[in-house]
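What follows is a short report on a single structure.
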Amino acid sequence: MVKVFVPRERRPGETRVGATPETVRRMVKLGLEVAVERGAGEASLFQDAEYETAGAHLVADPAEGWPNADVVLKVTPPGIFEGLPGHEAEGLKPGAVLIGFLAPHRNLDVVRTLAAGNVTSLSLELVPRVTRAQSMDALSSQASIGGYKAVLLAAWRLPKYFPLLMTAAGTIKPARVVIMGAGVAGLQAIATAKRLGAVVEVSDVRPAVKEQVESLGGKFIELPAAESGEGQGGYAREMGEDFLRRQREIVQRHLSQADAVITTALVPGRPAPRLVTAEMVHAMRPGSVIVDLAVEQGGNCELSQPDREVVENGVVIIGPSNLPAAMPHDASLLYARNVFALLQLLLDKEGNLAVNLEDEVVAGALLTHAGKVTHPATAERLTSSEVPA
Ligand code: NAD
């Protein structure tokens, strides 16, 4: 019988969990044996008793859970934490499966350890964005929460109303919100800001998103038509500095009138494009708010800092690095379903582990397997990081 372990996340600020009572119930139904570390779901408001009712048994000591598991379901990459006998990645037995947001490019040492330990690891960031894998798309389920929460943060910090209000004391104008990057997070931010009654303007380099922006009630800011930012797989490509300069010039006019700016612009595998310079911040209205969701990739705003609030010229700049963790109940509900959907792909009809390397979703998400780093870009990074300077 395949043994699944769900440890408590130990990274500071992480409140989510890799399985919920709902997904535990579904795993048990498939014939898996599920162990959950005591308190694993507490920060997401899932109690130990609910996991037990769903069919899991509780484990007090993670040092017991890790080495006995055939499958470990995580949110964040394994690490070294107080109270554990060693690195989490070293606690897995050979042949075990690890699923989580493993952020391989930032955790090359962990990748090396997983490969050396013969662990089969699947990183949710690597799940190909094909129709069949939509139920496993944790990047999207979490980005959507980020976009929603970013607007709420901006509304909370703004010394103004978002909606147009006609009151006995006169009229209040609606807030003007500029959203940069209309991918999953940006589209949810547009929808949320519109629901709150703001006037929303949007900048993106992929012309294809114009229609999506308009269908949500946003106004698309037209950019120089000479270059399309459409890259591969529905993502943007990195634009040249000349284009970005012209984009900043155009967007600047909108920023100077904005009350809130939500930036979500990313280019896969590259630093976040610099869309808001310090000079542009200085031209904004005091009291306005910037929420930079790209802060972990270097930030879309020159002045944003991870998990800090910076005030410059009266403009509040917030750089939250993990907004889904600020809404852990629903974030975990969706995340755990994504993880469960991916785990199902690794099981045969009898409920035994069967890693099918021919499956494009499994092959795409696979980071390490059978002692090797199977993700080409990470393998390349590892090789170049080993070359002596
Ligand atoms: P992302 O997080 O990589 O980027 C966010 C946005 O930033 C993108 O819209 C991108 O075009 C934009 N951007 C990049 N450079 C910019 C710049 N200089 N200025 C302004 N904006 C810039 O993207 P994402 O949210 O992961 O989604 C990318 C696309 O993939 C979306 O169109 C989404 O609908 C699509 N998608 C498809 C599937 C699927 O088919 N299964 C699943 C999820 C997402």
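Numbers below:
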item: Cα-centre dipole for the chain with unit charges at Cβ (Lys and Arg positive, Asp and Glu negative), debye to 20; result: 960
item: Gyration tensor (Cα) of the chain, equivalent ellipsoid semi-axes in angstrom; result: 40, 24, 19
item: Whether segment 1-150 is rounded, prolate or oblate, judged on the alpha carbon gyration tensor where a/c under 1.5 counts as rounded; result: rounded
item: Å² of accessible area per residue within segment 2-141, as computed with a 1.4 Å probe and no ligands counted; result: 40
item: Pairwise FRET efficiency - Leu30 versus Lys372, Cβ, R0 = 30 Å, nearest 0.05; result: 0.60
item: Whole-number percent relative contact order across segment 12-171, with pairs defined as alpha carbons under 8 Å at least 6 apart; result: 14
item: Segment 200-237: GluC sites (Glu not before Pro) in DSSP coil with no more than 16 other Cβ atoms inside 10 Å; result: Glu222, Glu227
item: Nearest-0.05 FRET efficiency for Thr167 and Lys93, computed from C-beta distance (R0 51 Å); result: 0.20
item: The chain, accessible surface, carbon-and-sulfur percent (1.4 angstrom probe); result: 53
item: Sequence ranges 166-175, 152-161, 321-330, ranked by mean other-Cβ count within 10 angstrom, highest first; result: 321-330, 152-161, 166-175
item: Given Lys3/Lys29; Lys74/Lys372; Lys3/Lys349; Lys3/Lys74, the pairs whose alpha carbons are separated by over 19 Å; result: Lys74/Lys372
item: Loop-resident sites, segment 313-389, for trypsin sites (Lys or Arg not before Pro), counting at most 11 other Cβ within 10 Å (DSSP); result: Lys349
item: Whole-number accessible area per residue in Å² for segment 215-329, which is evaluated in the context of all protein chains at 1.4 Å; result: 45
item: Hits among lysines - C-alpha to C-alpha of Lys149 under 17 Å, sequence gap 8 or more where chains match; result: Lys194
item: Area accessible to solvent at Asp259, 1.4 Å probe radius, in Å²; result: 10
item: Modelled FRET efficiency - R0 45 Å, Asp348 with Glu222, Cβ distances, 0.05 increments; result: 0.30
item: Segment Ala60-Glu82, extension gain: residue separation times 0.36 nm, minus the distance between their alpha carbons; result: 6.4 nm
item: Whole-number D in µm² s⁻¹ for segment 218-328, Kirkwood Cα-pair radius fed into Stokes-Einstein, 4 °C, 1.567 mPa s; result: 88
item: Label-to-label distance, nm, for residues given as Leu244 and Ser256 (7 Å Cα→Cβ offset); result: 2.3
item: Solvent-accessible area per residue, Å², over segment 142-185 with all protein chains present [probe radius 1.4 Å]; result: 50
item: Residue-span extension gain [Tyr235 to Glu279] - 0.36 nm each, minus C-alpha spacing; result: 13.0 nm
item: Stokes-Einstein translational diffusion, segment 47-101 - Kirkwood Rh over all Cα pairs, 0.890 mPa s, 25 °C, in µm²/s; result: 200
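The values are calculated or read from the model by the stated rules, or taken from the named source; none is laboratory data. Here the structure is a predicted model, which is why all the values come from computation and not from measurement. Because the Cβ atoms are built from the backbone with ideal geometry, glycine has one as well, and the counts that use them run over all protein chains shown. Heads up: the accessible areas ignore ligands, DNA and RNA and are worked out on the full protein's heavy atoms, side chains in. Shrake-Rupley method; radii C 1.70, N 1.55, O 1.52, S 1.80 Å.
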